[in-house]
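Student: Okay, handing you the structure first.
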Amino acid sequence: MTFKRLVVTALVIVSLLGCAVAAGIYAWLKQDNLNQTPIVIVIERGQTLTGLAQQWEDEGWLPSALQLRLAARITGGARDIRAGEFVIPTGLNSLSLLSYLATAPAKTYRVSLIEGKRLSDALSTLSNAEYLQQDLGPLTEATVTEFLGLKGSGEAQLYPDTYVYHRDQPVSDIIRQAHDRLKRVLADEWSKRENDLPYSTPYEALIMASIIEKETGVASERPVIAGVFVRRLQRNMRMETDPTVIYGLGADFDGNLTRRHLRDRSNPYNTYRQKGLPPGPIALAGRAAINAALHPAEGTELYFVARGDGSHYFSSTLEEHNAAVRRYQLSRRDDYRSSPATTDQ
């Protein structure tokens, strides 16, 4: 055998051996030898596959960190590892695990801000949301006002909705998202508003929408209640709505709204004594309430009284309203104010 033929033969043997070794390694990597039950893992930003593989082996669900590192070297899969929380299904091998981590959606969480709730309630919800990173420190109205760069109160400056987030996502992301959503919804509704409304700015419409949210949870009543309040403002009548008084009382309100509270002129939110809209919104307002504030129902109603079942009875005359008060309210509240005044008392 010539030297040249000997070299060629040796190269062929080496090549065959290399192919056999590669095939063996590939078969080893494809073995279904990972976790036998679903496993929740968390990948932090900046973590490497080398460190993660060793961590997972130490935790006991990954049989071989070496196998996973080798699979990543062969496929280049280490570059595709993303931060997040993932649920690893059963039956994966090292190759399919890398593919899964590169394509599977990270686990998400949800937090809901409820219309009709105060900002303080929303901030409490955000503070207690699981795995939401509290990057702003203790959440207060002052914190939110400063973060959003607001000139006035932060009340009602978050849009009520359900927000989706990933583990360890900053709470500031949700707050910014909720505020931007409010601005978009308010601007959109304001652009389609009715004419001759007693508001000069979108903020004033938001104030009205927040009152509507507190007055009723019945969707069909929102435009009707908006119509009542709009007509009162247009006739220079006081709005006389309990929720604004309660909001102005703050922590002093113990659940019992009294005659003394309704007579208190020092409360800037006391719409039984102050004419016009209160100085700011009193609750988070959704699109339906904003739409109602900007599209009040036509009619002649100037009064409404709670029936006690969540709905209201609407009246156009004081006589009809007083009769409704006697029917629905006086037996349960001896300090009920029956009608909005048109003059100072």
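The values are calculated or read from the model by the stated rules, or taken from the named source; none is laboratory data. Nothing here was measured: the structure is a model prediction, and the numbers come from that model. Reconstructed Cβ throughout: ideal geometry from the backbone, glycine too, with neighbour counts over all protein chains shown. When the accessible area is computed, the model is the full protein with side chains, heavy atoms only, and any ligands, DNA or RNA have been set aside. Shrake-Rupley method; radii C 1.70, N 1.55, O 1.52, S 1.80 Å.
Student: Provide the per residue accessible area, probe 1.4 Å, for region 159-239, rounded to a whole number of square angstrom.
Tutor: 42
Student: Sorted by mean Cβ packing within 10 Å, highest first, what order do the peptides 323-329, 91-97 take?
Tutor: The densest-packed peptide leads the list: 91-97, 323-329.
Student: Between Asn195 and Thr90, how many nm apart are label points set 7 Å from Cα along the C-beta direction?
Tutor: 7.0
Student: To the nearest 10 degrees, how steep is helix 222-234 against the longest Cα principal axis of the chain, on a 0 to 90 scale?
Tutor: So the inclination is approximately 50 degrees.
Student: Could you work out how much longer the chain between Ala83 and Thr37 gets when fully extended? Use 0.36 nm per residue separation minus the Cα distance between them, nm to one decimal.
Tutor: 14.4 nm
Student: Same structure again: Could you give the angle, 0 to 90 degrees to the nearest 10, between helix 318-328's Cα long axis and the longest principal axis of the Cα atoms of the chain?
Tutor: 60
Student: Between Ile225, Ile81, Ile175, which gets the highest mean-square fluctuation from a Gaussian network model of the chain, Cα cutoff 10 Å?
Tutor: Of Ile225, Ile81, Ile175, the most mobile in the Gaussian network model is Ile81.
Student: In nm², what is the average projected area of the convex hull enclosing the Cα atoms of the chain?
Tutor: 27.0
Student: So which chymotrypsin sites (Phe, Trp or Tyr not before Pro) in region 36-135 end up in coil per DSSP with only 16 or fewer other C-beta atoms within 10 Å?
Tutor: Trp61, Tyr131
Student: Using the Kirkwood formula over every pair of different C-alpha atoms, what hydrodynamic radius in Å results for region 172-212?
Tutor: 11.2
Student: Now a separate question. Within the chain, how many Lys pairs that are eight or more residues apart, or on different chains, come under 23 Å at the alpha-carbon?
Tutor: Within the chain, the lysine pair count is 7.
Student: Picking from Ala293, Ala53, Ala283, which is most flexible by a Gaussian network model of the chain using Cα springs under 10 Å?
Tutor: Greatest mean-square fluctuation among the candidates belongs to Ala53.
Student: Going highest first, how would you order 146-153, 113-120 by mean Cβ packing within 10 Å?
Tutor: The packing order, highest mean first, is 113-120, 146-153.
Student: Now for a separate question. Say R0 is 41 Å: what FRET efficiency, to the nearest 0.05, do Tyr131 and Asp254 get from their beta-carbon distance?
Tutor: The calculated FRET efficiency here is 0.70.
Student: Is the shape of region 214-267 rounded, prolate or oblate, going by the alpha carbon gyration tensor and its root eigenvalues a ≥ b ≥ c, with a/c under 1.5 for rounded and a/b larger than b/c for prolate?
Tutor: Cα axes put region 214-267 in the oblate bin.
Student: For region 159-254, just the Cα set please: Rg and Dmax, both in angstrom.
Tutor: 16.3, 53
Student: Convert 25 °C to kelvin, take the viscosity as 0.890 mPa s, use the Kirkwood radius over C-alpha pairs of region 84-218 as Rh, and evaluate the Stokes-Einstein diffusion coefficient in µm²/s, rounded to a whole number.
Tutor: For the chosen part, D equals 142 µm²/s.
Student: Go ahead and estimate [θ] at 222 nm for the chain from helices alone: -39,500 (n - 2.57) per DSSP H run with n ≥ 4, summed, over the residue count, rounded to 500.
Tutor: Taken over the chain, the calculation gives -14000 deg cm²/dmol.
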